[in-house]
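*Asks:* Before I ask anything, here is the structure I am working with.
The values are calculated or read from the model by the stated rules, or taken from the named source; none is laboratory data. Since the model is a prediction, treat every value here as computed from it, not as a measurement. Note that each Cβ is placed from the backbone with ideal geometry, even for glycine, and that neighbours are counted across all protein chains shown.
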Amino acid sequence: MFLLLSVVFLVASSTASSVSAAGGDIEIVSTDESVNFPGNMDLSVTAEGDAGIVDVRLYYHTVGSRIWTYAYPDFVPANRITATLNLTGEVSTYLPPGTEIEYYYEITDAQGNVLQTELALVEYEDTRFDWDEVKVGPLTLRYYDQSGAVVRSVAKKLESDLARLQDVLQIEQADEIKGVIYNKRSHTLDAFPQQSRTTTEQQTFQGFAFPERSIFLGLGMERGLILHESAHLLLGQAMGDNALPTPAWLDEGFASYMDPSVKIFSGESLNSRTNPLRVMNTVTGTPHSIGTFYQKSLSVVAFMMDRFGEAQFQRLITELGKGSTMDIALTRVYGFDIDGLDARWAGDIATKRTAEPSSPGRLTPDPERPSPILLFNSWLLGGLILLVLGAVSIRYVASKLRPERYPKDGLQPWEDPDLW
């Protein structure tokens, strides 16, 4: 079942409240949040104290991250102050729209009294559009300017898709995930992370997933796209916090494999124009090479599923979740490392070949001793070279001994084709 919700977001969300919290002689008068996408998430706090407020710090982290950091809002020390900060200017990394940030203030007065405010939550939403929501399993999908019939049709198909995805990953109760869907490529320019000019112009990427924040961005209300990006987020959940970074070939290959509409190419047809799996840890290159990267990643995961079964793949995910490297996990589950997987996928299983035994009367060459035939050929070639050099030398000497009749009409030695 899915629930269709219509939610209208204001162009700039703002909240203000009186807070009764107090620390010593410090009192919070009000707090305020204002989001204006792109680039502005303004937070402010008004506080007062008898001794005068001398320091204000804002502690924050993105939801899903364990790392807290702090910033100094702008204010003028006084008994009553208003401290303000544009939080997007403080965050050093890209913030996808839909990111939620938890924060609190720590305020100190001249006597050393410290007040810590309660934890608050603000969402960095794209305020350019009026958003609606649809809930499908663990996924909350945000969209705008979409036909209700289209949304219901896609959501209905996603019900079984997401259930199947959780079964494959053995997730009994998935954590909530969020998707943000844009309608036009031009709308994504301020929302998607920065890309190269070529990949942007050729529209290489249609979506981006951020597992650490449980959110993805996509272009178009398309079942395959939404399922692909959801697979990235749920694979991250299945791996857990102890896993090493997932190689891109496995991440992209699995996400593509879960889309039932994709075309799968064989290893034989792709092997000659793809890189080895061992160097496919990140997605880089030209739009063409990126396309080939995705094709091979999908093909390899499909090969693993079809040849060795879903249960073995699940064991691999479990092993990787323990913190094992890819080589160790593959060897423990399948009996070969990443190079062995690559060779089997390509249809060329590397085997150690032994030399055939010598037949009766057949000469087995000694690699340490030159062949007699090779020695004979070398002597013959050397003799011919000496004969040619001798003939040329004799002719040259003879020409010097003969008297010149017409020296100006003749050729100089270095110009005579018979001598060179």
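*Asks:* Of all residues in the range 250-275, how many are closer than 27 Å to Val154 by Cβ, among the hydroxyl-bearing types (Ser, Thr, Tyr) and in a helix (DSSP H, G or I)?
*Replies:* Total meeting the criteria: 2.
One line per residue, one yes/no per condition, for (1) in contact with a Phe, Trp or Tyr (Cβ under 8 Å, 6 or more places away or on another chain); (2) free of Cβ contacts under 8 Å to residues at least 60 places away in the same chain; (3) surrounded by 20 or more Cβ atoms within 10 Å (Cβ to Cβ):
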{"site": "Val262", "(1), (2), (3)": "no, yes, no"}
{"site": "Leu277", "(1), (2), (3)": "yes, no, yes"}
{"site": "Thr282", "(1), (2), (3)": "no, yes, no"}
{"site": "Met305", "(1), (2), (3)": "yes, yes, no"}
{"site": "Ile317", "(1), (2), (3)": "no, no, yes"}
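*Asks:* Here's another thing I want to ask about it. Quick one: which of Glu229, Glu212 is assigned to a helix (DSSP H, G or I), surrounded by fewer than 18 Cβ atoms within 10 Å (Cβ to Cβ) and outside the structural domain of Gly321 (by TED's automatic domain parsing)?
*Replies:* Answer to the check: Glu212.
*Asks:* Right, here's the next one. Quick check on the range 45-60: of everything there that is among the small types (Gly, Ala, Ser) and either within 34 Å of the chain's Cα centre (by Cα) or surrounded by 19 or more Cβ atoms within 10 Å (Cβ to Cβ) (or both), which residue is modelled with the highest pLDDT?
*Replies:* Among them, the one singled out is Ala47.
*Asks:* Continuing with the same structure: Go through the range 166-190 residue by residue and tally those that are of a type in the set (D, E, K, R), modelled with pLDDT of 95 or more and assigned to a helix (DSSP H, G or I).
*Replies:* 1
*Asks:* Those residues that are in contact (Cβ under 8 Å) with a residue 40 or more places away in the chain and not in a loop (DSSP other than H, G, I, E, B), I need them from the range 232-249; list them, please.
*Replies:* Matches in the range 232-249: Leu233, Leu234, Leu235, Gln237, Ala238, Met239, Ala248, Trp249.
*Asks:* Can you tell me which residue among Ile177, Ile171 is buried (at least 20 other Cβ atoms within 10 Å of the Cβ), within 28 Å of Arg66 (Cα to Cα) and not assigned by TED's automatic domain parsing to the domain that holds Glu100?
*Replies:* Ile177
*Asks:* Quick check on the range 232-241. Is at least one of its residues assigned by TED's automatic domain parsing to the domain that holds Ile181 and within 24 Å of Ser289 (Cα to Cα)?
*Replies:* yes
*Asks:* Something else: Does Ile107 qualify as being crowded, with 17+ Cβ neighbours inside 10 Å, modelled with pLDDT of 85 or more and more than 28 Å from Leu141 (Cα to Cα)?
*Replies:* yes
*Asks:* Given the residues Val63, Val91, Val122, which is the only one that is in contact with a strand residue (DSSP E or B) (Cβ under 9 Å, 6 or more places away or on another chain), crowded, with 16+ Cβ neighbours inside 10 Å and in contact (Cβ under 8 Å) with a residue 40 or more places away in the chain?
*Replies:* Going through Val63, Val91, Val122 in turn, the sole match is Val122.
*Asks:* Would you confirm whether any residue within the range 284-301 is in contact with a Leu (Cβ under 8 Å, 6 or more places away or on another chain) and either surrounded by fewer than 19 Cβ atoms within 10 Å (Cβ to Cβ) or farther than 25 Å from Gly224 by Cα (or both)?
*Replies:* Scanning the range 284-301 turns up at least one residue that is in contact with a Leu (Cβ under 8 Å, 6 or more places away or on another chain) and either surrounded by fewer than 19 Cβ atoms within 10 Å (Cβ to Cβ) or farther than 25 Å from Gly224 by Cα (or both).
*Asks:* So which residues in the range 29-53 are in contact with a Ser or Thr (Cβ under 6 Å, 6 or more places away or on another chain), part of a strand (DSSP E or B) and of a type in the set (A, V, I, L, M, F, W, C)?
*Replies:* Val29, Val35, Met41, Val45, listed by residue number.
*Asks:* Is there a residue in the range 111-133 that is outside the structural domain of Asn40 (by TED's automatic domain parsing) and in contact with a helix residue (DSSP H, G or I) (Cβ under 6 Å, 6 or more places away or on another chain)?
*Replies:* The answer is no, given that none of the residues of the range 111-133 is outside the structural domain of Asn40 (by TED's automatic domain parsing) and in contact with a helix residue (DSSP H, G or I) (Cβ under 6 Å, 6 or more places away or on another chain).
*Asks:* Quick one: which residue in Asp74, Asp132 is surrounded by 14 or more Cβ atoms within 10 Å (Cβ to Cβ) and among the acidic types (Asp, Glu)?
*Replies:* Asp132
*Asks:* How many of the residues making up the range 281-315 are modelled with pLDDT under 95 and among the hydrophobic types (A, V, I, L, M, F, W, C)?
*Replies:* 3
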